[in-house]
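Contents: one structure, followed by commentary.
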Amino acid sequence: AAAAIAVSLIVSFTLTPMLAARWIKKKKPVERRSKGEPEAVEPGSWQSNGDEIDSGNETDHSTPGSNGHESKDGWFYQKIDGFYTFMLRLSMRYRWVVVLICIATVVSIYPLYKFVGMAFLPDEDESLFQVNLRGPQGTSLSATQSILDRIARDIRAEVPGVKNTLVLAGFGRGSGPNNGFINVALLPVSEREKSQADLINQTRAIARKYSSKDYQVSVSASSSIAGSIGLGRGGSSVGLYIAGPDMDRLTEYANTLVERMKQDPIFRDPDNSVEIGTPEIRVVIDRTRAADLGVRAGDVAQALNILSAGQIVSTYSEGSQQYDVVVRADEPFRRDRTNFKYFSVASSNGGIIGLERVVKLEEALAPSSINRLNRQRQVTVSAGLPPNASESDALAKIEQYARELQMPPQYVTGVTGQSKELQKAYESFMYAFLLSFVFMYLILAAQFESFIHPVTILLTLPLAVPFALLSTALAGQTLNIFSALGILLLFGIVKKNAILQIDHTNTLRAKGLNRYDAIIQANRDRLRPILMTTLALVAGMIPLTLGTGAGAATNRSIGILVVGGQSLCLLLTLLAVPVFYSLFDDASESTIMRRIGGNLSAIRESIFRSKRESKSPGVSEPNGAADATQGN
């Protein structure tokens with residue numbers, strides 16, 4: 001974008017003047033008088049077309065048709081100019097009313113933001129979604145394949161617009177034979193009547209027929225953008241992890257949280273990452289008795305390791321080959337769990353203690369896999385969301401439900417997956433907005449050679465945000481990473497309009513007009529180019545808002561925000577800029593601001609003087625030259 005703007009700047013300075021000189025013909029004075037146009041004005045002069053403006057006071061003597069606006073403009077633009085002039089004079093008369101309106105507009109950002117909500121990505125219709133299946137541990141691959149085939153058959157028969165289905169057993173959210181998924185490819189958007197969201201809802205009705213206590217079936221949309229950044233092509237929109245020392249407690253918390261989320265209609269197919277069902281034998285050490293007998297837990301673990309897996313005690317070399325010598329219980333002893341009583345461990349009190357005196361065996365079902373975070377065990381709770389739902393609101397609800405569990409301090413929670421990326425994107429955009437304000441202020445301060453005028457311009461930027469959020473809400477969308485880019489684009493447009501207004505106002509004041517007349521005349525003069533650029537931008541963005549097909553949701557997120565935000569905030573910003581300009585100009589005339597300005601001027605003069613002296617060290621200038629230098 002920066003390169004494109006730089007190229008357009010070069011074109012505006014070179015190609016545009018050349019084409020204007022070639023194509024725009026100079027009209028003769030007779031033609032101007034016959035068409036009612038004003039006579040040509042000499043370069044460097046200022047013409048009021050007969051309206052006297054007294055620069056000595058703040059009284060407006062101009063009329064809506066003064067300065068050539070009425071004579072050379074059509075009736076439609078005259079109506080617009082007359083209405084804007086009336087509103088501008090009214091705003092200058094009641095400046096603090098305009099300030100209060102601007103404050104109320106900025107304050108409305110927070111409730112509008114809460115109403116709109118945030119999402120990481122827009123809901124894109126990519127004509128593809130997934131059906132995920134997870135069965136109990138021990139389910140064979142053929143049984144999983146059979147269930148997936150039946151689900152796919154029902155989808156093709158009952159869901160319209162399905163192009164084909166692809167069944168894969170043994171893959172999916174888990175990596176065992178009890179997991180699988182179905183890729184459902186739809187016809188292109190132009191060839192089907194229902195949207196992808198409607199077809200997903202129909203598929204969920206089919207999935208509920210196959211869901212039970214043992215089998216969990218979920219449906220999720222596919223996103224190529226999410227897949228490109230490592231979040232998976234399909235999956236859940238929000239996720240929360242719980243980490244802690246005890247896996248049983250983690251499983252209990254996760255199951256309770258999932259049941260609570262199932263009662264909330266905003267969540268779709270809530271699930272957790274725990275897959276209980278793998279049988280195991282647990283060895284439980286009686287630590288009190290082991291301590292009395294002088295047996296350490298590490299010695300017990302080593303003895304059990306020798307019993308089951310073995311331990312390398314030496315190496316054996318034969319020729320150029322070297323082999324490990326592993327001590328392990330014989331196979332008949334490993335097959336029978338009761339044979340551990342024949343093993344013993346050394347006691348620190350002296351003597352040998354049999355394992356059956358300090359341990360006991362328990363049968364249990366364990367997770368198929370255990371995830372860890374910072375050396376703590378972790379489970380993840382995730383869920384999908386309906387179309388255009390706010391991920392930030394859904395995540396806030398999950399965190400609230402997690403707090404209601406009242407977990408001990410050693411159990412911590414955090415966002416994961418797409419929810420984590422949403423928080424990172426939000427923080428990044430906040431930094432981007434802050435830096436954009438800083439850089440814009442520095443550039444404008446250098447161009448205007450003023451510390452006040454950039455503030456006047458930047459104050460209009462927050463006025464565009466509520467209207468952008470309002471247009472997004474009216475379109476039924478959420479604020480995502482693409483609409484956030486649209487806000488940055490909107491800032492550039494609003495800032496450009498304010499620059500045109502203030503720069504022309506300063507130019508007219510430098511030519512001798514009083515402040516009030518300069519403000520009125522400058523804003524009327526710049527109304528036409530502002531309307532032209534705004535209408536051109538809105539017209540160029542309309543195809544994005546009305547587009548269909550692949551990528552339409554992404555384009556619509558930017559188009560709706562820019563079109564609605566710029567159209568709705570245009571009048572307020574056109575009135576707020578001259579009001580802020582006059583208020584800051586009044587403040588600059590105060591005693592405090594004059595002192596600050598004098599101090600800044602003194603600092604600037606001292607810096608320039610030190611630079612001049614550093615360029616010619618040891619060389620004394622004549623008094624006249626020094627005085628001339630200081631005078632310059």
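The values are calculated or read from the model by the stated rules, or taken from the named source; none is laboratory data. Note that the structure is a prediction, hence the values are computed from the model and not measured. FYI the Cβ positions are ideal-geometry reconstructions off the backbone, even for glycines, and counts take in every protein chain you see.
Here are the numbers for the structure shown:
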| read-out | value |
| --- | --- |
| Complete set of residues in the stretch 1-43 that are among the acidic types (D, E) and either at pLDDT 80 or above or in contact with a helix residue (DSSP H, G or I) (Cβ under 9 Å, 6 or more places away or on another chain) (or both) | E37, E39 |
| Listing of strands (runs of 3 or more DSSP E) fully contained in the stretch 334-453 that carry 2 or more residues being farther than 27 Å from F120 by Cα and among the charged types (D, E, K, R) | 359-367 |
| Qualifying positions in the stretch 480-515 - crowded, with 20+ Cβ neighbours inside 10 Å and over 30 Å from the mean Cα position of the chain (by Cα) | Q501, I502, T505, L508, L513 |
| Check on V189, closer than 30 Å to L479 by Cβ and of a type in the set (A, V, I, L, M) | yes |
| Qualifying residue in the stretch 293-311 (condition: more than 17 Å from R357 (Cβ to Cβ), free of Cβ contacts under 8 Å to residues at least 60 places away in the same chain and assigned to a loop (DSSP other than H, G, I, E, B)) | yes |
| The lone exception for N374 - which of (1) touching a residue at least 24 places away in the same chain (Cβ under 8 Å); (2) more than 24 Å from Y241 (Cβ to Cβ) it fails | (2) |
| Any chance A602 is loosely packed, with under 12 Cβ neighbours inside 10 Å, part of a helix (DSSP H, G or I), at pLDDT below 70 and not assigned by TED's automatic domain parsing to the domain that holds S91 | no |
| Residue satisfying all of: in the stretch 313-332; in a strand (DSSP E or B) and surrounded by 10 or more Cβ atoms within 10 Å (Cβ to Cβ); modelled with the lowest pLDDT among these | V313 |
| Given (1) among the hydroxyl-bearing types (S, T, Y); (2) crowded, with 16+ Cβ neighbours inside 10 Å; (3) more than 58 Å from the chain's Cα centre (by Cα), number of the condition T380 does not satisfy | (3) |
| Residues of the stretch 564-585 classified as more than 20 Å from D525 (Cα to Cα), out of contact with any Leu (no Cβ under 8 Å at 6 or more places or on another chain) and hydrophobic (A, V, I, L, M, F, W, C), total | 2 |
| Sole exception among (1) farther than 30 Å from V284 by Cα; (2) buried (at least 16 other Cβ atoms within 10 Å of the Cβ); (3) without any contact (Cβ under 8 Å) to a residue 60 or more places away in the chain for R403, by number | (2) |
| Unique match (being of a type in the set (D, E, K, R), within 18 Å of D269 (Cβ to Cβ) and surrounded by fewer than 19 Cβ atoms within 10 Å (Cβ to Cβ)) among R156, R204, R192 | R204 |
| Set A552, A518: member being out of contact with any His (no Cβ under 6 Å at 6 or more places or on another chain), among the hydrophobic types (A, V, I, L, M, F, W, C), buried (at least 18 other Cβ atoms within 10 Å of the Cβ) and under 30 Å from F120 (Cα atoms) | A552 |
| Yes/no for A394 being in contact with a helix residue (DSSP H, G or I) (Cβ under 8 Å, 6 or more places away or on another chain) and surrounded by 18 or more Cβ atoms within 10 Å (Cβ to Cβ) | no |
| Test: residue in the stretch 210-223 that is of a type in the set (G, A, S), surrounded by fewer than 16 Cβ atoms within 10 Å (Cβ to Cβ), modelled with pLDDT of 80 or more and out of contact with any Cys (no Cβ under 9 Å at 6 or more places or on another chain) | yes |
| Wholly enclosed helices (runs of 4 or more DSSP H) of the stretch 84-181 bearing at least 3 residues among the aliphatic types (A, V, I, L, M) and within 32 Å of the chain's Cα centre (by Cα) | 95-107, 109-116 |
| Qualifying positions in the stretch 416-458 - of a type in the set (F, W, Y) and touching a residue at least 24 places away in the same chain (Cβ under 8 Å) | Y426, F429, F433, F437, F448, F451 |
| For M532: the one exception among (1) under 29 Å from Y113 (Cβ atoms); (2) part of a helix (DSSP H, G or I); (3) out of contact with any helix residue (DSSP H, G or I) (no Cβ under 6 Å at 6 or more places or on another chain) | (1) |
| Qualifying residue in the stretch 481-503 (condition: outside any helix (DSSP H, G or I) and either within 22 Å of R556 (Cβ to Cβ) or not charged (D, E, K, R) (or both)) | no |
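Let's see how each residue does on (1) closer than 23 Å to G565 by Cα; (2) in the same structural domain as L385 (by TED's automatic domain parsing); (3) modelled with pLDDT under 90; (4) of a type in the set (D, E):
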{"position": "H453", "(1), (2), (3), (4)": "no, no, yes, no"}
{"position": "A475", "(1), (2), (3), (4)": "yes, no, yes, no"}
{"position": "I502", "(1), (2), (3), (4)": "yes, no, no, no"}
{"position": "I519", "(1), (2), (3), (4)": "no, no, no, no"}
